[in-house]
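Notes to accompany the following structure.
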Amino acid sequence: MTILQDTHLIPPSTFIWQALATVPDKTIPPDWIGWLSDRGSLTQRLIDASVNRFAVEVIDQIETKPTESEAQALKIGRETPVYSRQVLLLGNGKPWVFARSIMPLSTLTGRLQFLRNIDSQPLGALLFRDPSMTRGPVEAAFLSAERAHLPDKLSHIKVPLWGRRSVFRLDQKPLLVSEIFLPDFKPYNQKPSLGFTT
């Protein structure tokens, strides 16, 4: 697969979640590499890119079952009950990122019960402030809209989307955070130097 010089173009095929380190060279367009590989807080990157015009819109927070892919990432059974939090991360009033966080109910015990009630606070900011936080490898994907499991309010989106996800641990308890970049987010329009950390 050849490297894409024009990031308005998309790769000729989609691919599902895989460790970023195993994605073949030149698969990811240059403008996307930093956004997908950064191990810092995406929340902070978006705050910087929007010049502080950032907001979180909660779509839903419910108990449900994980998808097969989510269960595999968390190393839990497909029928394990989880708490799902779906939000839009807005930059300059536009939906830039769809974020889906999956937390086994066993994670939401003790002091971590507060994660059920964070409302419109950005989860990323809370994770990166927690001294017990550890993060697993970053996985990347170029997903069809269907595979991205977009909520109904984003059903008008039909194009493939770049995404990344990681398993985080707080007090050694896992949660999975998936971040799907939406069409209104244009990586080539953002500041070129946002302090990426790899």
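The values are calculated or read from the model by the stated rules, or taken from the named source; none is laboratory data. Since the structure is predicted, the reported quantities are computational estimates derived from the model, not experimental observations. Heads up, the Cβs are rebuilt from the backbone with ideal geometry, glycines too, and the neighbour counts pull from every protein chain shown.
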Is it true that Leu88 is surrounded by 13 or more Cβ atoms within 10 Å (Cβ to Cβ), touching an Asp or Glu at 6+ places or on another chain (Cβ under 7 Å) and either in contact (Cβ under 8 Å) with a residue 24 or more places away in the chain or among the basic types (Lys, Arg) (or both)?
-> yes
Requiring at least 2 residues that are farther than 30 Å from Lys186 by Cβ, the helices (runs of 4 or more DSSP H) wholly within the stretch 36-149 are 68-74
Of the residues in the stretch 150-198 that are loosely packed, with under 14 Cβ neighbours inside 10 Å and not in a loop (DSSP other than H, G, I, E, B), the one that is modelled with the lowest pLDDT is Asn189
When you check Gln113 against the structure, is it of a type outside the set (Asp, Glu) and within 19 Å of Pro81 (Cα to Cα), yes or no?
yes
Going through the stretch 91-117 in order, the residues found to be of a type in the set (A, V, I, L, M, F, W, C) and touching a residue at least 24 places away in the same chain (Cβ under 8 Å) are Trp96, Val97, Phe98, Ala99, Ile102, Met103, Leu105, Leu108, Leu112, Leu115
The residue from Ile47, Ile10, Ile16, Ile3 that alone is farther than 30 Å from Asn117 by Cβ, at pLDDT 85 or above and β-branched (Val, Ile, Thr) is Ile16
Checked the stretch 44-59 for anything closer than 22 Å to Asp130 by Cα and touching a Leu at 6+ places or on another chain (Cβ under 7 Å); matches are Arg45, Leu46, Asp48, Phe54, Ala55, Val56
Of those in the stretch 121-145 that are without any contact (Cβ under 8 Å) to a residue 60 or more places away in the chain and farther than 22 Å from Val56 by Cα, the residue surrounded by the most Cβ atoms within 10 Å (Cβ to Cβ) is Gly136
query: What about Ser41, is it buried (at least 16 other Cβ atoms within 10 Å of the Cβ) and within 18 Å of Arg165 (Cβ to Cβ)?
result: yes
